[in-house]
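Written out below as structure tokens is the structure these notes cover.
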Amino acid sequence: MRAKIVNGMLVFIFSVLGLGLLNLEIIHSRKFKELSDRNCIRLLPQVGARGRILDRNSNVIVDNYLSYDVMILPQDKDKIDKTLMSVSGVLGVSLNDLKDAFKDGYIAPFLPVMIAENIDIKEVMALEELKSDLPNIVIQPHPQRAYLYNRLASHLIGYLNEIDNWRLTKLADYGYKIKDIVGYTGVEEQYDYYLRQEEGALSIEVDRQGRLVRVLGFRPSRNGKDIQLTLDLKIQKIVEKNLEDKKGCVVVMDPYNGEIIAMASRPNFNPSIFVKKSDSIISNLLNHPDGIFINRAIGGLYPAGSVFKLIVATAALETGKINLSTTFLCPGSINIGKQEFSCWDTHNTQNLMDAITHSCNVFFYRTGLLVGAQTLHDYALKFGFGRNVSIDLPYGAGGFLPCPLWKRIYKFKNWFDGDTANLSIGQGDLLVSPLQITRMMGVFANGGYLVNPYIVKSIDGKDISGYKKRITSLGLKSSTIETIRKGLRNVVSSPTGTANILSSFSVSVAGKTGTAQVSRGQPHGWFVGFFPYKNPKFVLCVFLEHGGSGYHATVLAKQIIEKMIQEGLL
């Protein structure tokens, strides 16, 4: 009896289901087909604008302009080929290229597929006229990045490109997805999360002819946040102009708070090529032997040459190994062990002031040997060498600071006096970045404080610099700082100083030159200094890769300072 009841219930249930299917598939099939054909839901993306980048005086450096992209709604599969053929005729793009673009851009049947970017307004108007017959064409206004000064500060600003797999893996949890446009290098990458816009969408119901039936929902897009830099556009232009035909970099920094006033690296690039999708040009630049995308100011590593002598002088004064009365004879060279170590000139008797003024190698060989390699290493470490500078830009390099223990462990060799002599004049295995040299000079400009440089001043109007947390006292004696400051001033003011060509300015300059020997090619040229001498406003570091000597770097420094004076920036 129970089995008959269960069987009866099953027959009843399946009978009801069968009648329902009969009703849907046969009796009302025409009605539902008509509704299906007549109505569908479409999502139209609403794209916001990326945040602008401004200089310290609110001058816009990077902005956006409105461009137009061609998109196809893939729901009407039967019309796709016809639509692509019509678009091909208007844009003058081959049908095969458009088909490839559609295939590459297709993600889901309900998402529009982009097939062409950055079309001009005449093409927009021509395609709009086709929409009555081809309603699956969508012209999407799209804010596009505008680098208003082309190559200016390109390494510092960065560029935009489609997200790669490495970045997607790291950033997927933060809302990044396939085909997103993201920042590469510079501020565009470091602050991409703040600069990037939030995409919105318009959900609409349309009839079979693509005509709007009703709006189902709307989520507005949001523009990215504006970012204000510490950069001074006027000084940046001066720096870029004078570095134009050279290979190297220039950094201008506020010695008291670490604000980067200007930063330029050569060779450089135009970020707009990534906006215009100039694939052949991009490929050539990426494979260029000069490393065009390297920001030499933070990512280039070079021997320091004679600018490192300031570390040796500091260590010697702080440890009492020498004083202002200490002298050494410079006959043009000295023998250390079995090797001869030369000076660039014969300076005769030199004290510390003379040695800084004339950049006497022999004095610093002897001073370095008195101080000892490990102490030199420890003082250089205090000044920030051998580790990455904490600046808010990606791809900085920490350099390399050798010491006896390192050589014993990693090279299985002993450290000799010759190694100490080489380190004492910034040669040997020592590698530094120009930004490290800049903030080393900042210590003598500001009275003994090591600053951490930064480039972004505010985001969306909110000050984020927190510069007071970026300053560390090195605990140096005031007498040490004052002695080295006087020596740096003598480098410029003395008729025999190595940077005497800077003595003619109305603004007093202090600094140090350097010529760094390399295994191949011409030596690198350095000049690093600060001005005005009594109340410094700027630290200036000029580095010329294979520039020949420190003299050539000093000539470039002179041109930059001269122009700053002419334009009333000092």
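The values are calculated or read from the model by the stated rules, or taken from the named source; none is laboratory data. This one's a predicted model, so the numbers in the text were calculated from it and none came from an experiment. Counting neighbours? That spans all protein chains shown, and the Cβs are built from the backbone with ideal geometry, glycine included.
For the reader, a short list of remarks on this structure follows.
- Scanning the stretch 55-107 for residues that are touching a residue at least 40 places away in the same chain (Cβ under 8 Å), assigned to a helix (DSSP H, G or I) and of a type in the set (A, V, I, L, M) gives I80, V87, V90.
- Tallying residues that are of a type in the set (D, E, K, R), part of a helix (DSSP H, G or I) and in contact with a strand residue (DSSP E or B) (Cβ under 8 Å, 6 or more places away or on another chain) within the stretch 334-392 yields 2.
- Residue pairs whose Cβ atoms lie under 6 Å apart, separated by 6 or more positions or on different chains, with the first residue in the stretch 212-236 and over 30 Å from I391 (Cα atoms) and of a type in the set (A, V, I, L, M, F, W, C) and the second assigned to a loop (DSSP other than H, G, I, E, B) and modelled with pLDDT of 95 or more, do not occur.
- Qualifying residue in the stretch 77-99 (condition: charged (D, E, K, R), closer than 25 Å to S221 by Cα and either at pLDDT 85 or above or in contact with a strand residue (DSSP E or B) (Cβ under 7 Å, 6 or more places away or on another chain) (or both)): no
- For L544, the conditions (1) without any contact (Cβ under 8 Å) to a residue 60 or more places away in the chain; (2) more than 24 Å from M353 (Cβ to Cβ); (3) of a type in the set (A, V, I, L, M, F, W, C) are fulfilled apart from (1).
- Matching residues, the stretch 117-150, being hydroxyl-bearing (S, T, Y), within 30 Å of S265 (Cβ to Cβ) and part of a loop (DSSP other than H, G, I, E, B): Y149
- Evaluation of F110 against (1) part of a loop (DSSP other than H, G, I, E, B); (2) at pLDDT 85 or above (one fails), failing number: (2)
- Only one of the listed residues (K382, K411, K407, K462) is in contact with a Leu (Cβ under 9 Å, 6 or more places away or on another chain), of a type outside the set (F, W, Y) and on the phi < 0 side of the Ramachandran plot. That residue is K382.
- Taking first residues from the stretch 496-522 that are within 19 Å of S549 (Cα to Cα) and partners that are modelled with pLDDT under 95 and not polar (S, T, N, Q), the Cβ contacts under 6 Å between residues at least 6 apart in sequence or on separate chains come to Q522/G548.
- Subset of the stretch 47-77 [surrounded by fewer than 16 Cβ atoms within 10 Å (Cβ to Cβ) and among the small types (G, A, S)]: S58
- Candidates T319, T314, T326: the one that is in the same structural domain as S478 (by TED's automatic domain parsing), buried (at least 18 other Cβ atoms within 10 Å of the Cβ) and touching a residue at least 24 places away in the same chain (Cβ under 8 Å) is T314.
- Residue selected from the stretch 381-417 under the condition surrounded by 18 or more Cβ atoms within 10 Å (Cβ to Cβ) and among the aromatic types (F, W, Y), by the criterion farthest from C541 (Cα to Cα): W415
- None of T420, T346, T357 is farther than 24 Å from F543 by Cβ, of a type in the set (S, T, Y) and crowded, with 18+ Cβ neighbours inside 10 Å except T420.
So that you can scan it fast, the table gives a plain yes or no per residue for (1) part of a helix (DSSP H, G or I); (2) in contact with a Lys or Arg (Cβ under 6 Å, 6 or more places away or on another chain); (3) among the basic types (K, R); (4) at pLDDT 95 or above:
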site	(1), (2), (3), (4)
R489	yes, no, yes, yes
G497	no, no, no, yes
S504	no, no, no, no
G511	no, no, no, yes
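- Taking the stretch 458-496 as the range and being surrounded by 17 or more Cβ atoms within 10 Å (Cβ to Cβ), hydroxyl-bearing (S, T, Y) and within 31 Å of the chain's Cα centre (by Cα) as the test, the residues that pass are S458, S465, Y467.
- Comparison of V509, V518, V528 shows that the only residue that is touching a Pro at 6+ places or on another chain (Cβ under 9 Å), exposed (fewer than 15 other Cβ atoms within 10 Å of the Cβ) and at negative phi is V518.
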